[in-house]
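The values are calculated or read from the model by the stated rules, or taken from the named source; none is laboratory data. Since we're looking at a predicted model, the values are computed, not measured. Here Cβ is always computed from backbone atoms with ideal geometry, including for glycine, and neighbour counts include all displayed protein chains. Side chains are part of the model used for accessible areas, which takes the heavy atoms of the whole protein and leaves out ligands, DNA and RNA. Shrake-Rupley method; radii C 1.70, N 1.55, O 1.52, S 1.80 Å.
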Amino acid sequence: MNHDAIVVGGSFAGLSAAMPLARAGRDVCVLDSGRPRNRFASASHGFFAADGMPPLGLVAAAREKLGRYPSVRFIDTTAVAAEATAGGFAITLADGDRLDARRLVLAFGLTDDLPDIPGLAERWGQSVIHCPYCHGFEFIDRPLGVLATMPMSSHQASLIPEWGPTTFFLNGGAMPDEETCGTLAARGVTIEPAPVVSLHGASPMLDGVRLADGRFVAIAALYLAPRTRFQSPLAEQLGCAVEAGMFGPVITTDAMKLTSVPGVYAAGDIARPMHNATFASADGFLAGTALHQNLVFG
Ligand SMILES: Cc1cc2nc3c(=O)[nH]c(=O)nc-3n(C[C@H](O)[C@H](O)[C@H](O)COP(=O)(O)OP(=O)(O)OC[C@H]3O[C@@H](n4cnc5c(N)ncnc54)[C@H](O)[C@@H]3O)c2cc1C
């Protein structure tokens, strides 16, 4: 069957992209491998009318609403390959099946590469967190840490005192320049140069971190900005232009979320420098409407 559209990734961006297509009665197939990026958190915050819902529950609720439209099909699988064909595009699934579509939406999300420090990965999304707007309120007024992972970390360290007294762990890395140290001092941030060797507390909660020189620093939450990579190689396989973002690669799109390959749209974390479920959903809806109008007028 030649679908009007295949959406690769059935989370905030992908399900939002499929909605306007479904409401226009178009055949849309959503492929999803069930690994949304925020699945490690017990609650998702800040999403319109759904603050505090579990991430997987939020995605399941959106999927249930979308599933009420008769022209939508879901396949729980991984798309492993994509190529252009005479009529559009072909997607190969993990079991070897091939699906055809006139247009594609890529919404396959990112993977976070976490620092390899004992006790860190098991607390990811709980007491080791990336975004104060998502999870900061839960730790307000408690001692907080920021782990240096990239030059941008000093910006994060100067923001976090908004939520509580902050220690910036350089983790053995370079001391920031004089101006940045001045900004951090003005924000009341303590700079800790020693490497962090382990995290402690009744996981997934955090009591503090052990430094290489043996000292223990008590904190309730540790912020960090991870490096990111695409969950899937499909964009590269299709020849979509990719640029370097602050945290990792970003698929280049125009204002309507069209990639450099005609007929291929991209939305969500993979196609924007700043990551958040609300942004991903908005971009997905934009991609879906743009794709629909491209089917009509293109
Ligand atoms: C720990 C953590 C907590 C977070 N908390 C919040 C929060 O509280 N509030 C908030 O607004 N944002 C939060 N975020 C950010 C939020 O998770 C992302 O912005 C959002 O998930 C991006 O949505 P997306 O649809 O682009 O990608 P994702 O949600 O990551 O979904 C991508 C989907 O594509 C699927 N997929 C990947 N490859 C394939 C393939 N080849 N074939 C088929 N399917 C595939 C995946 O399985 C997944 O289901 C958090 C992020 C992290 C890391």
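Structural remarks
- Residue check for Ile191: under 22 Å from Gly125 (Cα atoms) and at pLDDT 95 or above: no
Residue by residue, here is whether (1) at negative phi; (2) at pLDDT 95 or above; (3) aromatic (Phe, Trp, Tyr) holds:
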site	(1), (2), (3)
Pro226	yes, yes, no
Glu236	yes, yes, no
Ile251	yes, yes, no
Asp254	yes, yes, no
Lys257	no, yes, no
Tyr265	yes, yes, yes
Ile270	yes, yes, no
Gly298	yes, no, no
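- Residue list for the stretch 244-298, restricted to those being within 30 Å of Gln156 (Cβ to Cβ), of a type in the set (S, T, N, Q) and open to solvent by 20 Å² or more (accessible area, probe 1.4 Å): Thr252, Thr253, Asn276, Thr278, Ser281
- Listed by position, the strands (runs of 3 or more DSSP E) contained in the stretch 69-173 that have at least 2 residues being among the small types (Gly, Ala, Ser) and surrounded by fewer than 18 Cβ atoms within 10 Å (Cβ to Cβ) are 79-85.
- Failed item in (1) in contact with a Ser or Thr (Cβ under 7 Å, 6 or more places away or on another chain); (2) of a type in the set (Gly, Ala, Ser); (3) near the ligand (Cβ under 9 Å from one of its atoms), with Gly9 passing the rest: (1)
- Beta carbons closer than 8 Å, at least 6 apart along the sequence or on distinct chains, pair a first residue in the stretch 59-81 that is assigned by TED's automatic domain parsing to the domain that holds Ala235 with a second that is among the charged types (D, E, K, R) and more than 15 Å from the ligand (Cβ to nearest atom) for Tyr69/Arg23; Ser71/Arg26; Ser71/Asp27; Arg73/Asp27.
- Each residue in the stretch 226-240 was checked for being farther than 30 Å from Ser154 by Cβ and open to solvent by 30 Å² or more (accessible area, probe 1.4 Å), and 4 of them qualify.
- Index of the failed condition, Ala84 passing every other in (1) among the small types (Gly, Ala, Ser); (2) within 14 Å of the ligand (Cβ to nearest atom); (3) in contact with a helix residue (DSSP H, G or I) (Cβ under 9 Å, 6 or more places away or on another chain): (2)
- Residue within the stretch 239-257 that is of a type in the set (Asp, Glu), more than 12 Å from Ala13 (Cβ to Cβ) and within 14 Å of the ligand (Cβ to nearest atom) present: no
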